[in-house]
Amino acid sequence: MSPDAAFAWLRADPRRADVAIAAVTLGMGTLLILGAPDRFDTGWPEVAAGIGAFVLLVFRRRWPLALLGIAVTWTVVHVAALERPTPMIFATLVLLATACGRLDRWPAIGLGIAVALALYVAGLMTTDYELGDARAVIGVAWTAGAVGIADAARSWRRYKESSEAQIRSAVLAADAQARQQVSEERLEIARELHDLLAH
């Protein structure tokens, strides 16, 4: 299947896209766990977080804010209790982008700041990172990226809707003008016929 055909197939049904995004996000979370610099034993908490991340992302379009709350809580509890990364972190970022895409710019930025603070504080409390340590700040950078992507997508969507509305308005105006011209031509023909018959 060509890339264009694959994208068309995904666009045809949003649920397919959600499953694909959930699978890719789960894969990234797994790579995060496997590629962590500190070795630790993974177990059922990571498996549960991976399955939970997948399920939350499949339903992300229905309840983005509620599912974001679940994902942030799960991430903070997992990191605080086990002192190790969780596959849920990437689900949190995708859900944050989804939720921010439905909000206006400033509420979205506020939501992003709240999520970034929750992740940052949880990371600082459960690790030996210093306040400005790059490993602690990376979660803040990821959240800023998620909010930025959502903002760009929202701006593009609004621009596209505005352009489509302008095109529709121009087509309707042209159609109305064409009808008016036809009507005026008919009136002119009727007058000429009337004058001709009168003579």
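The values are calculated or read from the model by the stated rules, or taken from the named source; none is laboratory data. The structure presented is a predicted model; accordingly, all values stated were derived computationally and were not measured. Note: ideal-geometry Cβ built from the backbone for every residue, glycine included; neighbour counts use all protein chains shown. Ligands, DNA and RNA are stripped out before the accessible areas are found, and what is left, the full protein with its side chains, is counted by its heavy atoms. Shrake-Rupley method; radii C 1.70, N 1.55, O 1.52, S 1.80 Å.
Say whether the condition of being among the hydroxyl-bearing types (Ser, Thr, Tyr) and modelled with pLDDT under 85 is met by at least one residue in segment 142-154.
No - not one qualifying residue is present in segment 142-154.
Which helices (runs of 4 or more DSSP H) does segment 1-108 wholly contain that include 2 or more residues that are closer than 22 Å to residue 140 by Cβ, modelled with pLDDT under 80 and in contact with a Ser or Thr (Cβ under 8 Å, 6 or more places away or on another chain)?
14-34
Kindly provide the set of residues from segment 159-181 that are under 30 Å from residue 96 (Cα atoms) and either modelled with pLDDT under 85 or not in a helix (DSSP H, G or I) (or both), ordered by number.
Correct list: 161, 162, 163, 164, 165.
Of the residues 136, 118, 122, only one is open to solvent by less than 40 Å² (accessible area, probe 1.4 Å), modelled with pLDDT under 75, under 22 Å from residue 91 (Cβ atoms) and in a helix (DSSP H, G or I); which?
Step by step, each of 136, 118, 122 is checked, and only 136 is open to solvent by less than 40 Å² (accessible area, probe 1.4 Å), modelled with pLDDT under 75, under 22 Å from residue 91 (Cβ atoms) and in a helix (DSSP H, G or I).
Which count do you get for residues in segment 53-70 that are open to solvent by less than 40 Å² (accessible area, probe 1.4 Å), out of contact with any Asp or Glu (no Cβ under 7 Å at 6 or more places or on another chain) and within 15 Å of residue 88 (Cβ to Cβ)?
The qualifying residues number 5.
Looking at segment 155-178, can you tell me whether even one residue there is open to solvent by 100 Å² or more (accessible area, probe 1.4 Å) and among the β-branched types (Val, Ile, Thr)?
Checking segment 155-178: at least one residue is open to solvent by 100 Å² or more (accessible area, probe 1.4 Å) and among the β-branched types (Val, Ile, Thr).
If you check every pair at least six apart or on different chains, which have Cβ atoms under 6 Å apart with a residue in segment 49-62 that is within 14 Å of residue 23 (Cβ to Cβ) first and a residue that is charged (D, E, K, R) and buried (at least 18 other Cβ atoms within 10 Å of the Cβ) second?
Close Cβ pairs satisfying both conditions: 58/18.
Could you grab the pairs with beta carbons closer than 6 Å, sequence gap of 6+ or different chains, first residue in segment 83-95 and more than 15 Å from residue 147 (Cα to Cα), second one open to solvent by 30 Å² or more (accessible area, probe 1.4 Å)?
84/40; 85/32; 88/74
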